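Visitor: Got a structure for you, written out below as structure tokens; questions coming shortly.
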Amino acid sequence: MGVVVAVPDRRQLDPPPRSLILSRYARWRAPLGGAEPIALAPPVASVPSLAPSPPWVGWDRTGPELWPEADDRDQDLNQHPGPGWLDHLALRVRARLTELALPLVVGHGDWESQNIRWHGRQPWVVHDWDSAVAQPEAAIAGQAAAVWPAAGGPGEAASIDQTEQFLAGYERARGRAWSPAERQACWAAGLWVRAFNAK
């Protein structure tokens, strides 16, 4: 059962240009949703299981099927024909991510602009906590970097430049450079969420 907390009406950040707010998103993102909230996240072992991950970040689901069950439609994506290149891409991305030997952390799996409300320049509330995940930090940051500007419209996502800027801001905020394996995981996780949305 969820907890309902009344908060004052706050606003979603304005649409692009977002260069000034990008650093705020990345700094506040690691991995609860930022580099500041990471200190607030409980260890994975101290919380009940967060499996399965939401489908749009569900590369870590077990089973023989490539695509997780979509939560917004009845159609089985695995029965949807092609395109072949998209299925092949998702298969390779999933394989890369499941090979990771990185520790799991608790994070927010739906770090879109529409799920965050601000008071001036300060983050005020984050919605959609039923999207919490236990995944490697690089995967959580990567999927956030791919979708952070989305304000609720179909197909909204970050550009390649926005994704790179987000990952660089996150890296600075956590005070440690991404390793080559972590950097690959960041981009792979972003590709997964974009592929799932495209499928």
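The values are calculated or read from the model by the stated rules, or taken from the named source; none is laboratory data. Here the structure is a predicted model, which is why all the values come from computation and not from measurement. Reconstructed Cβ throughout: ideal geometry from the backbone, glycine too, with neighbour counts over all protein chains shown.
Visitor: Working only within region 41-62, note down all residues that are of a type outside the set (S, T, Y), without any contact (Cβ under 8 Å) to a residue 40 or more places away in the chain and outside any helix (DSSP H, G or I).
Guide: Answer for region 41-62, where residues must be of a type outside the set (S, T, Y), without any contact (Cβ under 8 Å) to a residue 40 or more places away in the chain and outside any helix (DSSP H, G or I): P48, P52, R61.
Visitor: For V125, which of the numbered conditions (1) more than 19 Å from A185 (Cα to Cα); (2) β-branched (V, I, T); (3) free of Cβ contacts under 8 Å to residues at least 60 places away in the same chain fails to hold?
Guide: Among (1) more than 19 Å from A185 (Cα to Cα); (2) β-branched (V, I, T); (3) free of Cβ contacts under 8 Å to residues at least 60 places away in the same chain, the lone unmet condition for V125 is (3).
Visitor: Condition (residue is within 17 Å of the chain's Cα centre (by Cα), within 16 Å of P55 (Cβ to Cβ) and crowded, with 22+ Cβ neighbours inside 10 Å) applied to region 117-131: is it met by at least one residue?
Guide: Within region 117-131, not a single residue is within 17 Å of the chain's Cα centre (by Cα), within 16 Å of P55 (Cβ to Cβ) and crowded, with 22+ Cβ neighbours inside 10 Å.
Visitor: Going through region 164-184 one residue at a time, which ones are at negative phi and in a loop (DSSP other than H, G, I, E, B)? So that I can check it myself, show each step before the final result.
Guide: Just the residues of region 164-184 that are at negative phi, to begin with: 164-174, 176-184.
Within region 164-184, R176, A177, W178, S179 qualify.
Visitor: Looking at region 81-91, is at least one residue closer than 16 Å to G142 by Cα, surrounded by 14 or more Cβ atoms within 10 Å (Cβ to Cβ) and at pLDDT 90 or above? Can you show your working first?
Guide: Taking region 81-91 first, the residues closer than 16 Å to G142 by Cα are 90.
So of that shortlist, the ones also surrounded by 14 or more Cβ atoms within 10 Å (Cβ to Cβ) come out as 90.
Checking the rest, the ones that are also at pLDDT 90 or above come to 90.
Looking through region 81-91, at least one residue is closer than 16 Å to G142 by Cα, surrounded by 14 or more Cβ atoms within 10 Å (Cβ to Cβ) and at pLDDT 90 or above.
Visitor: Determine whether S131 is within 23 Å of D74 (Cα to Cα), polar (S, T, N, Q) and modelled with pLDDT of 85 or more. Even if it seems obvious, please write down each step before you answer.
Guide: Details: within 23 Å of D74 (Cα to Cα): yes; polar (S, T, N, Q): yes; modelled with pLDDT of 85 or more: yes.
Taking the combined requirement at face value, the residue satisfies it.
Visitor: Keeping to region 46-77, report how many residues are exposed (fewer than 10 other Cβ atoms within 10 Å of the Cβ) and basic (K, R).
Guide: 1
Visitor: Which one is modelled with the highest pLDDT, of the residues in region 23-52 that are of a type in the set (G, A, S) and touching a Gly at 6+ places or on another chain (Cβ under 6 Å)? So that I can check it myself, show each step before the final result.
Guide: Of all residues in region 23-52, those of a type in the set (G, A, S) come to 23, 26, 30, 33-35, 39, 41, 45-46, 49, 51.
Then keep just the ones that are touching a Gly at 6+ places or on another chain (Cβ under 6 Å); that gives 23, 26.
Values: S23: 53, A26: 58.
It comes out as A26.
Visitor: Right, here's the next one. Can you pull out every residue in region 163-173 that is more than 16 Å from Q143 (Cβ to Cβ), surrounded by 15 or more Cβ atoms within 10 Å (Cβ to Cβ) and either at pLDDT below 90 or aromatic (F, W, Y) (or both)?
Guide: Matches in region 163-173: A173 only.
Visitor: Go through A145, A134, A101 for me and flag whichever is touching a Ser or Thr at 6+ places or on another chain (Cβ under 6 Å) and of a type in the set (A, V, I, L, M).
Guide: Numbers: A134 fails: touching a Ser or Thr at 6+ places or on another chain (Cβ under 6 Å); A101 fails: touching a Ser or Thr at 6+ places or on another chain (Cβ under 6 Å).
After applying the criteria, what remains is A145.
Visitor: Ok, one more. Are any of the residues in region 63-83 within 22 Å of E182 (Cα to Cα), touching a residue at least 12 places away in the same chain (Cβ under 8 Å) and touching a Leu at 6+ places or on another chain (Cβ under 9 Å)?
Guide: Of the residues in region 63-83, the ones within 22 Å of E182 (Cα to Cα) are none.
No, region 63-83 contains no residue that is within 22 Å of E182 (Cα to Cα), touching a residue at least 12 places away in the same chain (Cβ under 8 Å) and touching a Leu at 6+ places or on another chain (Cβ under 9 Å).
Visitor: Is it the case that region 78-93 has a residue that's closer than 15 Å to V57 by Cβ, assigned to a helix (DSSP H, G or I) and within 11 Å of the chain's Cα centre (by Cα)? Please lay out each step first, then the result.
Guide: Step one: filter region 78-93 for residues closer than 15 Å to V57 by Cβ, giving 90, 93.
Next, from what is left, pick out any that are assigned to a helix (DSSP H, G or I): 90, 93.
Right, trim to within 11 Å of the chain's Cα centre (by Cα) and you get none.
So far as region 78-93 goes, no, none of its residues is closer than 15 Å to V57 by Cβ, assigned to a helix (DSSP H, G or I) and within 11 Å of the chain's Cα centre (by Cα).
Visitor: If you check V147 against the conditions, is it in contact with an Asp or Glu (Cβ under 6 Å, 6 or more places away or on another chain) and over 19 Å from A41 (Cβ atoms)? Don't jump to the end; show me each part of the working.
Guide: Working: in contact with an Asp or Glu (Cβ under 6 Å, 6 or more places away or on another chain): yes; over 19 Å from A41 (Cβ atoms): yes.
Taking the combined requirement at face value, the residue satisfies it.
Visitor: Modelled with pLDDT under 90, over 14 Å from G107 (Cα atoms) and either hydroxyl-bearing (S, T, Y) or in contact with a Ser or Thr (Cβ under 9 Å, 6 or more places away or on another chain) (or both), is that true of P154? Can you show your working first?
Guide: Working: modelled with pLDDT under 90: yes; over 14 Å from G107 (Cα atoms): yes; either hydroxyl-bearing (S, T, Y) or in contact with a Ser or Thr (Cβ under 9 Å, 6 or more places away or on another chain) (or both): no.
For P154, the condition - modelled with pLDDT under 90, over 14 Å from G107 (Cα atoms) and either hydroxyl-bearing (S, T, Y) or in contact with a Ser or Thr (Cβ under 9 Å, 6 or more places away or on another chain) (or both) - is not met.
Visitor: Next up: If only one of A145, A198 is crowded, with 23+ Cβ neighbours inside 10 Å, at pLDDT 90 or above and either within 28 Å of G82 (Cα to Cα) or under 10 Å from the mean Cα position of the chain (by Cα) (or both), which one is it?
Guide: Numbers: A198 fails: crowded, with 23+ Cβ neighbours inside 10 Å.
When all the criteria are applied, what remains is A145.
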